[in-house]
1. Filter region 135-186 down to the residues that are closer than 29 Å to residue 95 by Cα, surrounded by fewer than 16 Cβ atoms within 10 Å (Cβ to Cβ) and out of contact with any helix residue (DSSP H, G or I) (no Cβ under 7 Å at 6 or more places or on another chain) and list them by number.
2. Look at residue 139 and say whether it is without any contact (Cβ under 8 Å) to a residue 60 or more places away in the chain and part of a strand (DSSP E or B).
3. How many of the residues making up region 262-290 are within 22 Å of the chain's Cα centre (by Cα) and under 12 Å from residue 248 (Cβ atoms)?
4. Of the residues 3, 74, 29, 18, which is surrounded by 11 or more Cβ atoms within 10 Å (Cβ to Cβ) and modelled with pLDDT of 85 or more?
5. Might you let me know whether region 171-181 holds any residue that is closer than 19 Å to residue 123 by Cα, under 25 Å from the mean Cα position of the chain (by Cα), assigned by TED's automatic domain parsing to the domain that holds residue 131 and assigned to a helix (DSSP H, G or I)?
6. If residue 60 satisfies all but one of (1) at pLDDT below 85; (2) under 30 Å from residue 151 (Cα atoms); (3) in a helix (DSSP H, G or I), what's the number of the condition it fails?
7. Which ones in region 276-290 are within 10 Å of residue 245 (Cα to Cα) and assigned to a strand (DSSP E or B)?
8. Residues 231, 225: which one is surrounded by fewer than 16 Cβ atoms within 10 Å (Cβ to Cβ), assigned to a helix (DSSP H, G or I) and not assigned by TED's automatic domain parsing to the domain that holds residue 120?
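The values are calculated or read from the model by the stated rules, or taken from the named source; none is laboratory data. On a predicted model such as this, the values are computed, not experimentally measured, just so you know. Note that we place each Cβ from the backbone using ideal geometry, even for glycine, and neighbour counts take in every protein chain shown.
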């Protein structure tokens with residue numbers, strides 16, 4: 001692509017690449033000093049133009065990063081935290097950027113028209129809540145989950161039960177019942193008490209046994225990198241999402257980056273605290289189960305290649 005001046009349009013910020021800048025600098029150089037100017041990679045003038053192009057590209061990278069920090073889907077760290085108040089949420093201790101972005105998406109769903117979207121969006125504004133989902137039984141009889149007729153069940157991971165109950169009550173239409181293993185009382189503006197039921201998810205910690213064959217260049221520090229990558233991968237799983245065990249292979253190799261060629265995973269099995277026995281296929285999660293992982297429960301065995 002030929003060089004172009006940076007610009008912003010409806011699709012975002014557009015910047016020329018390093019190669020585009022260098023090509024433009026070379027073209028301008030030759031327009032000044034002659035088309036037959038020698039500008040091979042070994043020529044000092046070409047190397048100087050490369051330095052200029054790299055400096056301009058570094059500046060572009062900084063501008064692009066600053067631009068993205070204004071978008072919650074790209075922002076990170078403190079920049080992301082500064083955007084959260086407009087969505088009515090705040091970062092919880094230890095919460096990753098990915099987890100925060102997931103809650104932003106859920107909160108934005110509150111702009112929708114459905115009862116489910118509005119209730120969950122309100123619940124996700126409760127401080128310290130990590131996840132929430134909701135099931136609706138709009139039939140005339142109790143459903144397979146045990147939810148009574150014309151009732152809802154909010155499954156909320158973490159957060160104050162009282163605050164969650166108040167959030168549900170604010171958005172729940174009159175006449176709709178609630179279901180769950182926990183209950184809290186909410187008093188309305190007329191002093192009338194209402195019992196709101198909430199379901200907590202069953203937390204199922206997935207343990208792993210991984211056998212890795214190492215080759216030349218393998219760094220033992222990769223073991224901790226792999227463990228952290230697995231935890232970061234499973235932690236944002238929504239309530240009710242099962243784990244496809246083979247997907248963890250890709251997580252491990254991706255975390256290793258350029259060092260991925262220095263090892264091969266020869267075996268990977270998982271077992272959840274809520275299950276019996278190990279599996280190399282799938283760790284299931286029912287509608288009120290939340291899968292999670294703990295680096296302390298990931299065992300990595302190294303063998304020589």
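1. 160, 162, 181, 183
2. no
3. So the answer is 3.
4. On the way: 3 fails: modelled with pLDDT of 85 or more; 74 fails: modelled with pLDDT of 85 or more; 18 fails: modelled with pLDDT of 85 or more.
The unique qualifying residue is 29.
5. No, that holds for no residue.
6. It fails just one condition, (2).
7. Across region 276-290, the qualifying residues are 279, 282, 283.
8. Among 231, 225, only 225 is surrounded by fewer than 16 Cβ atoms within 10 Å (Cβ to Cβ), assigned to a helix (DSSP H, G or I) and not assigned by TED's automatic domain parsing to the domain that holds residue 120.
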